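> The following block contains the structure, expressed as structure tokens.
The values are calculated or read from the model by the stated rules, or taken from the named source; none is laboratory data. Not measured: the values here are computed from a predicted model. All Cβ positions, glycine included, derive from the backbone under ideal geometry; neighbour counts span all protein chains shown. Heads up: the accessible areas ignore ligands, DNA and RNA and are worked out on the full protein's heavy atoms, side chains in. Shrake-Rupley method; radii C 1.70, N 1.55, O 1.52, S 1.80 Å.
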Amino acid sequence: MSTDRPGDVPGGDNLGWTLGVLLRAYQSTVVTVIGDLPHGPRGYQTLAAVVGGAHPTQLALAAHLGIDRTVLTYLIDDLVEAGLVERRLSQADRRRRRIVATAEGERTFRELERRVRDAEDGLLGALDPAERDTFRKLLWRVACDVRDIDAAADPCDVAEELLSEGR
């Protein structure tokens with residue numbers, strides 16, 4: 001493992017390359033701990049958002065996740081079939097449906113959340129615990145700022161575009 005500073009290695013200050021390496025490692029690591037959850041990491045992120053409960057409609061959930069609403073419909077269908085979430089009529093507007101975690105969905109999420117966090121800690125093993133916490137907070141701040149700039153864009157598409165540009 002190289003401990004050189006990014007500027008000391010040719011291309012080491014290339015954000016796109018470093019994000020790409022980290023994203024690929026994250027995806028391959030998380031897939032192994034998620035198991036057979038429908039839609040893998042995307043299903044996990046959806047379940048996390050549903051358990052968090054801050055999205056009053058399926059449309060709001062799609063916007064938060066950066067997933068096309070038609071794609072989210074199929075994803076939710078599979079989570080419903082797995083018994084992890086259910087669609088309920090909104091009390092505020094009976095024409096809309098809220099996505100709500102079932103008791104099994106909440107239990108499953110809590111177990112997966114622990115596994116994913118352990119996998120993330122392993123992936124970020126080059127950092128001490130305080131650095132990992134700082135890293136997560138900084139990523140969160142940047143991600144939220146990017147979403148404020150272009151909330152309609154799918155974050156996955158944005159990341160792929162940046163990586164293809166070699167940023």
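> List the number of the failed condition for residue 29; all other conditions in (1) in contact with a Phe, Trp or Tyr (Cβ under 7 Å, 6 or more places away or on another chain); (2) modelled with pLDDT of 90 or more hold.
Here residue 29 meets the rest and fails (1).
> Please find, within region 27-73, the residue that is nearest to residue 113 (Cα to Cα) out of those that are assigned to a loop (DSSP other than H, G, I, E, B) and open to solvent by 40 Å² or more (accessible area, probe 1.4 Å).
Here the answer is 35.
> Could you please tell me which pairs satisfy a Cβ distance under 6 Å, a separation of 6+ or placement on different chains, a first residue in region 47-75 that is assigned by the TED database to the domain that holds residue 85, and a second residue that is open to solvent by 10 Å² or more (accessible area, probe 1.4 Å) and β-branched (Val, Ile, Thr)?
Going by the 6 Å Cβ cut-off, the qualifying pairs are 50/99; 58/99; 61/99.
> Please enumerate the residues belonging to region 7-26 that are surrounded by fewer than 13 Cβ atoms within 10 Å (Cβ to Cβ) and modelled with pLDDT under 90.
Within region 7-26, 7, 8, 9, 10, 11, 13, 15 meet the criteria.
> Look at region 74-91 and say how many of its residues are among the acidic types (Asp, Glu) and in a strand (DSSP E or B).
1
> Let me ask something additional. Taking the residues in region 99-125 that are of a type in the set (A, V, I, L, M) and under 22 Å from residue 33 (Cα atoms) as candidates, determine which candidate is surrounded by the fewest Cβ atoms within 10 Å (Cβ to Cβ).
Here the residue is 103.
> State yes or no: is residue 94 in contact with a strand residue (DSSP E or B) (Cβ under 9 Å, 6 or more places away or on another chain) and not in a helix (DSSP H, G or I)?
Details: in contact with a strand residue (DSSP E or B) (Cβ under 9 Å, 6 or more places away or on another chain): no; not in a helix (DSSP H, G or I): yes.
The answer is no for residue 94.
> Can you go through 128, 150, 93, 157 and tell me which one is modelled with pLDDT of 95 or more and surrounded by fewer than 15 Cβ atoms within 10 Å (Cβ to Cβ)?
Matching residue, one of 128, 150, 93, 157: 128.
> Does residue 111 qualify as being modelled with pLDDT of 95 or more and in the same structural domain as residue 71 (by the TED database)?
yes
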